[in-house]
Amino acid sequence: MTIALQQHARLRLQGITKRYPGVVANDSVDLTVMPGEIHAILGENGAGKSTLMKMIYGAVRPDAGQIFWDGHPVQIASPMAARQLGIGMVFQHFSLFETLTVVENVALALEGKFDLTSLASRIEDVSDRYGLSIEPHRHVHSLSVGERQRVEIVRCLLQNPKLLIMDEPTSVLTPQAVIRLFITLRQLASEGCSILYISHKLDEIRQLCDRATVLRSGKVSGEANPAEETPATLAQLMIGTSLPEMSRQPRTPGEVKLAIKRLTRQTQDPFGVSLAQVRLDVHAGEIVGIAGVSGNGQAELMAALSGEQTLADKHMVLLDGQPVGHLDAGSRRNLGLGFVPEERLGRGAVPDMSLAENAVLTAHRQALVQGPLLSMGRIRQFALQCISSFGVKCAGPQAPARSLSGGNLQKFIVGREILQSPHVLIVAQPTWGVDVGAATFIRQQLLDLAAKGVAILVVSEELEELFQICDRIAVLTGGTLSEAKPVSETTIEEIGMLMGGVDAQEGEAA
Amino acid sequence: MLDHTTALLAATMAAGTPLVYAALGELITEKSGVVNLGVEGMMLVGAIAAFATVASGNSLLAGVIAGGLAGMLLALVFAVLTLTLMANQYATGLALSIFGIGLSAFVGKAWLGMTVTGFQKVSIPLLSSIPVLGGALFQQDMMVYGSIALFALISLVLYKTKTGLLLRAVGESPDSAHAIGYPVVRIRYLATLAGGALCGVGGAYLSIVYTPMWVENMVAGRGWIALALTVFATWRPARILLGAYLFGGMTSLQFHAQGLGIAISPYLLSMLPYLATIVVLVVISRNPQTIRLHAPASLGKPFRPN
Amino acid sequence: MTFRLQLESRPVASRTMRYVAPVLAAALTLVTGLVLFYALGKSPVEAFKVFFVDPIKDLNGITEWLLKASPLCLIALGLAVGFRANVWNIGAEGQLTMGAAAAGALAVHFDGATGHWLLPAMLVAGLVAGAAWAGIAALLRSRFNANEILVTLMLTYIATFFLGYLVDGPLKDPNGQNFPQSILFGESALFPLLIEGTRLNASTLITLLAIPFVWVLMMRSFVGYQLRVSGLAQDAAVYAGFSRTKAIWMTLLLSGGLAGLAGVGEVAGPIGQLQPSVSPGYGFAAIIVAFVGRLHPVGIVLASLLMSLLYLGGESAQIALQLPNAITGLFQGLLLFFLLGTDVFVNYHLRLVRVSGGQK
């Protein structure tokens, strides 16, 4: 540490604080990044990583504290100002424009003359040099998630950054793409570019990063050399306790509860994915996982299974042996289907309605409606039961859904579905953006439910999660589903290969 | 019969011109992701401002400018409410239309029944002597030519410059534009004000050139038709021009029906542009994919930087 | 060090501000109005009296107040159900016109009929015609995705021309010196008066019945719940399996039907015949009533009384102050502007922030 300070730090933060109504997102954070260093910011969801990065990138202004750049105090008033200093950022949720081409997207982030032709050749130069193959004239909506990330990276590199911020860059990548990304990042670091690498994935950080600063509830909870730590010690710094354990009772799969038979559906959305010949059986007492990078037909498959989109051929989806492809979501629920969608606010729950009102959304079948009228007393009771049995932290049944944290709202939605005793439960991204405690709780609930004989289908981008809870795993790429393999007969690497799809082929070509 | 055709075509151009101005204005606004349903109100206020200016002895050009400023002023009210105070764009646009109708009627009481002299027709040498079409297309007033120049300018800016690219980008994803450092709210303000000014100019054309007199509520739904035109055109300038003349033709038809030997109740003929609007909306909206591909993705959705 | 006001979002929407905002908006409209009167050289005190006190200082005034509030309230109740479901029926004026035309056609056709069946038949005709006119928009929206705002508006213009065609054609009074209007309706085609010597009639009772009906529908029924979900979060409605098509049809038929009834109330009430225009813009003013009333039945009742007073005040100002009665429309627009502006405080609050702050 003392040696590092003799050289000017590329970036130094001192006492950076940012408050939002009701929360302190960053509390007096200190951070030092040296030239050419790959520095990890580690922390679980809601620890304040993204806010901190937005302040460095000038998108959010700190309430207190000082930023030093190359030894000089600076105020970063806007992303433009950050870019002029030499700071580039690759966002977790890409900041790209789908209807524009790659070169148009890049042009918007660059200053200077508006000349798309010469810019296109500059893009090709940079992408060759760093092994980030992209075609400048394609529209962004036609690109895979991995390709979009390359566009973001190339856009940063064209500005010759001295510091590159990567916000959860691997959450959307296949294992192979992650390896390629790491090669690029190491090349950049060796050329002197500092990299701030934000992640909650311990293994990656141990592989890639020179140093790590750990955030917990907005405060720095420790610094470490990740290579010298174990996942357990890093997790200890990150969540303050050791990782919670899960208990897995033995379960014996029974009869087929959910059958998907050659499900084919042409997308109506010009930016969507068509499903082709998807087949899968889910048995009673079994958890089947669908792995894959989002944007490969997950949304379309979920909509087709839940009934939000109906199918032309009713025999494509069978519930308890009964064809339901033609039925809408409500009718499928009447037959014992439960569904937890990946968007909690706005789909799984109505943000501006209370938890009690949100209970009615799907649980109105539990005698919450009498004749044409809502039964206010029973609705309240159901919501209370859901809140207490699933440990939902909230101000009570009257609390609006939008006032809950991601983890608590997810517990409420999962609870609402489970309390209706479904025969088949479909869950999309069960723990996206959820803190570790809630994530463990939700996974445990799924395990317990399967032990009771419910057939469960889980779609997730987190391979570790799928391997933790599933009996079998299939992979969805480009709208087709691979055969489901028993967890005991496959590995994360093998599933990762299957996820490759388009990206993997391109990697070979390049 | 040929004379009638020329006259009808010429009238079509003139009747379409206020729609060209207003719809191109709304196009600019909507490209930035803002939908302003106050076109009718802005046109009316533009119409009375222009008329009052000219009737008070000022030049026609001063009238056009006054109309544009009045429309812009109303658009400013809309922008403050929706872009700064986060009010619902649809409700605010409706309020703007209702307010514009009331305001123009209130101010306009003093000018009822007066007339002014509009722009002279300007013949373009050679072109205007082309049979049938020449008289229709190249013997028009300056504001008609102006509307076509405006169309060319907007097409050029929208598709060939960084400004246009930025406008489209903000309309598609204000979050992305904000993330890479563009002042989304300011850009939307400018687009809304530009749109309001053009709606005002469209209204001005009605009151000081087309009619030219002040009649209460004289815009008679053209503001709403201009809104429908942006959908019909799937947000592309060339189709706006086409659509505007199509509706101009419908409007002119009622006045030339007798000359063309059509005997239908004038009440029923008057319904024609409104009926056509519905038909056109149905035909275009039927295909959600076209709309999805061309509509600004953030249209009508509020954006607040944090 | 300088300070600046900044909007900051509230963690939870403020219930208090939801109720305070409309009152604040009314107050701001009043202040603006008084300033406007002053600028026009009228005494603000006198203008206030003329606008808000004189029109309702006697029984006749109060009955006129209720008479105008009734159609505004009835239409706004229907619109509010739709607005909550995110279905934007902006063409209530047209549905009112068609309701009036249908009822009027019956009244003219069966002129001289005795018995108690004609008025109920007119009510049914008005209800059906208004609902059908809005139903066109529902059909085009649900089948072809055509924007209901524009369709209902276009249908309003068409309805106006249609009524013009009727009263200047098939339904024209043959002995009316060629005026474009129908004969005066007979006794059996008119609502009975509630208070003799005034114009307040039994059509007001329809509004009184509609208020609790819409309240239960909106706040306590499962159907109303589904409509609210549909309006607040369309994806959640699809997720739950609530039909969007049903929401579109239900809300448009309901709001169109109520507007049609309001139309019957006008022609079989104070007007007593068909004329080229049967409403001073009630259909549009009701949009404002619905918003100012917070899309809530009780709020709508209060807002319709306020709006009705603006109509009476405008007429009174025209006579007493020689101001154009278009001032009513001006105030209506202002009221909605101020409401939309003050509404920001439901979800946000103002905070003083240091501009130079941030870095020490």
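The values are calculated or read from the model by the stated rules, or taken from the named source; none is laboratory data. Values in this document were obtained by computation on a predicted structure and should not be read as measured data. Ideal geometry is used to build each Cβ from the backbone, glycine not excepted, and the neighbour counts take in all protein chains shown. Just the protein is used for accessible areas: all its heavy atoms, side chains included, with ligands, DNA and RNA removed. Shrake-Rupley method; radii C 1.70, N 1.55, O 1.52, S 1.80 Å.
Roughly speaking, what % of Cα-Cα pairs in chain C are separated by over 38 Å, rounded to a whole number?
Cα-Cα pairs in chain C separated by more than 38 Å: 23 percent.
Please go through region B:195-287 and write out the trypsin sites (Lys or Arg not before Pro) that DSSP classes as loop and that have at most 16 other C-beta atoms within 10 Å. Don't skip to the end; give the middle numbers.
On the way: sites: B:222, B:239, B:286; in loops: B:286.
Here the sparse-neighbourhood loop sites are B:286.
Please give the solvent-accessible surface of residue A:233 in Å², to the nearest 10, using a probe radius of 1.4 Å with every protein chain present.
60 Å²
Against the globular-protein guess of 2.2 N^0.38 Å, express the Cα radius of gyration of region A:354-510 as a ratio, rounded to two decimals. Working shown, then result.
Numbers: Rg = 18.8 Å, N = 157, 2.2 N^0.38 = 15.0 Å.
Taking the Cα Rg and dividing by 2.2 N^0.38 Å, one obtains 1.25.
How far is the Cα center of region B:103-146 from the Cα center of region C:195-242, in Å?
50 Å
Using alpha carbons only, how many degrees (0 to 90, rounded to 10) separate the axis of helix C:282-292 from the longest principal axis of chain C?
So the inclination is approximately 30 degrees.
If you rank A:135, A:44 by how much accessible surface each has, with a 1.4 Å probe, what is the order from largest down? The partial results should precede the final answer.
Numbers: A:135 105, A:44 35 Å².
Result, largest first: A:135, A:44.
Based on DSSP H runs of at least 4 residues, each adding -39500 (n - 2.57), what is the mean residue ellipticity at 222 nm of chain A after dividing by all its residues, to the nearest 500 deg cm²/dmol?
Estimated from H runs of four or more residues: -10500 deg cm²/dmol.
Please work out the Cα center distance from region A:1-70 to region C:28-76, rounded to the nearest Å.
60 Å
Have a look at C:178, C:325, C:60 and tell me which one the Gaussian network model of chain C (Cα, springs below 10 Å) gives the largest fluctuation.
So, out of C:178, C:325, C:60, the one fluctuating most is C:178.
Using the Cα centre of the protein assembly as shown as origin and beta-carbon charges of +1 (Lys, Arg) and -1 (Asp, Glu), tell me which of B:122, A:368, B:264 is placed farthest towards the positive end of the dipole.
A:368
Of all alpha-carbon pairs in region B:134-222, indicate the percentage at a distance above 22 angstrom. Could the numbers behind the result be given before it?
Values: 1811 of 3916 pairs.
Tail fraction, whole percent: 46.
Quick one: pull the percentage of alpha-carbon pairs in chain A with a separation above 38 Å. Don't skip to the end; give the middle numbers.
Working: 40910 of 129795 pairs.
For chain A, the fraction of Cα-Cα distances above 38 Å is 32 percent.
Using the Cα centre as the reference, give the magnitude of the dipole from point charges on the C-beta atoms of the protein assembly as shown (Lys, Arg: +1; Asp, Glu: -1; all else neutral), rounded to the nearest 20 debye. Show your work: numbers first, answer last.
Details: 82 positive and 78 negative charges, 280 e Å.
Around 1340 debye, computed over the protein assembly as shown.
If I model region B:201-285 as equal point scatterers sitting on the Cα atoms and use the Debye formula, what is log10 I(q)/I(0) at q = 0.17, 0.18, 0.25 Å⁻¹?
-0.79, -0.87, -1.28
Report, in debye and to the nearest 20, how large the dipole of region C:138-249 comes out about its Cα centre when Lys and Arg carry +1 and Asp and Glu carry -1 on their Cβ. Could the numbers behind the result be given before it?
Numbers: 8 positive and 6 negative charges, 109 e Å.
It comes to approximately 520 debye.
Just by accessible area at a 1.4 angstrom probe, what is the order of C:219, A:238 from largest to smallest?
Numbers: C:219 40, A:238 15 Å².
Ranked list, largest accessible area first: C:219, A:238.
Just want to confirm a number: the relative contact order over chain C, from Cα pairs under 8 angstrom separated by 6+ residues, in percent. Walk me through the intermediate numbers first.
Values: 626 pairs, mean separation 132.1, N = 360.
Answer for chain C is 37 percent.
Pick from B:80, B:231, B:170 the residue whose mean-square fluctuation is largest in a GNM of chain B, springs joining Cα atoms under 10 Å.
So, out of B:80, B:231, B:170, the one fluctuating most is B:80.
Can you find, among B:77, B:137, B:211, the residue farthest towards the positive end of the dipole of region B:2-294? Put +1 on the C-beta of Lys and Arg, -1 on that of Asp and Glu.
B:77
Region C:43-91: which trypsin sites (Lys or Arg not before Pro) are DSSP loop and have at most 13 other beta-carbon atoms within 10 angstrom? Provide the component values of the computation, followed by the final result.
Working: sites: C:49, C:57, C:68, C:84; in loops: C:57.
When the trypsin sites (Lys or Arg not before Pro) of region C:43-91 are filtered for loop state and at most 13 Cβ neighbours within 10 Å, C:57 remain.
Along the charge dipole of the protein assembly as shown, Cβ charges K/R +1 and D/E -1, which of A:410, A:455, A:309 sits furthest on the positive end?
A:410
Looking at the square roots a ≥ b ≥ c of the eigenvalues of the Cα gyration tensor of region A:62-166, which shape do they give, rounded for a/c under 1.5, prolate if a/b is larger than b/c, or oblate? Spell out each step's value before the answer.
Numbers: a/c = 2.08, a/b = 1.84, b/c = 1.13.
Here region A:62-166 falls in the prolate category.
Using the alpha-carbon atoms, what tilt in degrees (0 to 90, nearest 10) does helix A:116-129 show relative to the longest principal axis of chain A?
90 degrees
Probe radius 1.4 Å, ligands and nucleic acids left out: which of B:31, A:261 has the largest accessible area, and how do the rest follow?
Final ranking, largest accessible area leading: A:261, B:31.
Could you report the accessible area of residue A:185 in Å², rounded to 10, computed with a 1.4 Å probe on the protein chains as they sit in the structure?
Result for residue A:185: roughly 0 Å² accessible.
Cα gyration tensor of region C:1-107, axes a ≥ b ≥ c as square roots of the eigenvalues: rounded (a/c below 1.5), prolate (a/b > b/c) or oblate?
Working: a/c = 2.57, a/b = 1.24, b/c = 2.07.
Oblate, because a/c is 1.5 or more while a/b does not exceed b/c.
Heavy-atom accessible area per residue, region B:2-294, 1.4 Å probe: how many Å²?
For region B:2-294, the solvent-accessible area averages 36 Å² per residue.
Between helix C:203-215 and chain C, what is the angle of the helix's C-alpha long axis to the longest principal axis, kept within 0 to 90° and rounded to the nearest 10?
With both axes taken from Cα atoms, the answer is about 40 degrees.
Given a 1.4 Å probe and the protein chains all in place, what does the accessible area of residue C:106 round to, in Å² to the nearest 10?
Near enough 40 Å² of accessible area.
In deg cm²/dmol, rounded to 500, what helix-only [θ] at 222 nm does chain C give when every DSSP H run of at least 4 residues adds -39500 (n - 2.57) and the total is split over its residues? Intermediate results must be reported in sequence, preceding the final value.
Details: 14 runs with 231 residues, N = 360.
Mean residue ellipticity, 222 nm, calculated: -21500 deg cm²/dmol.
Against the empirical 2.2 N^0.38 Å scaling, what ratio does the C-alpha Rg of region B:52-148 come to?
Dividing the Cα radius of gyration by 2.2 N^0.38 Å gives 1.49.
When chain B is modelled as a GNM with alpha-carbon springs shorter than 10 Å, which of B:261, B:68, B:164 fluctuates the most?
B:261
Which value in Å is the Kirkwood Rh of the protein assembly as shown over different Cα pairs?
Result for the protein assembly as shown stands at 32.9 Å.
Going out from 0 in 5 Å bins, what whole percent of all Cα-Cα distances in region A:30-69 drops into each bin?
Answer for region A:30-69: a P(r) of 5, 18, 28, 28, 16, 4 percent.
Starting from the amide H of residue C:278, placed 1.01 Å from N in the peptide plane, find each other amide H under 5 Å away whose residue is 5 or more places distant or on another chain.
none
Which entries in A:452/A:485; A:54/A:113; A:54/A:485; A:261/A:452; B:121/B:160 show an alpha-carbon gap greater than 31 Å?
A:54/A:485; B:121/B:160, as the Cα separations exceed 31 Å there.
Using a probe of 1.4 angstrom, how much of the accessible area of chain C is carbon and sulfur, in percent?
Working: 9490 of 14350 Å².
Whole-percent figure for carbon plus sulfur exposure: 66.
Any idea what the dipole of chain B comes to, in debye rounded to 20, about its Cα centre with Lys/Arg Cβ at +1 and Asp/Glu Cβ at -1?
700 debye
Once each part is reduced to its C-alpha centroid, what is the distance from region A:142-202 to region B:273-306 in angstrom?
For region A:142-202 versus region B:273-306, the Cα centre distance is 37 Å.
Considering only DSSP beta bridges whose two residues both sit in the protein assembly as shown, what percent are antiparallel, to the nearest 5?
60 percent
Take a quick pass over chain C and tell me how many lysine pairs come in under 22 angstrom between Cα atoms, counting only ones 8 or more apart or on separate chains.
For chain C, qualifying lysine pairs total 4.
So what are the radius of gyration and Dmax for the Cα set of chain B, in Å?
19.2, 64
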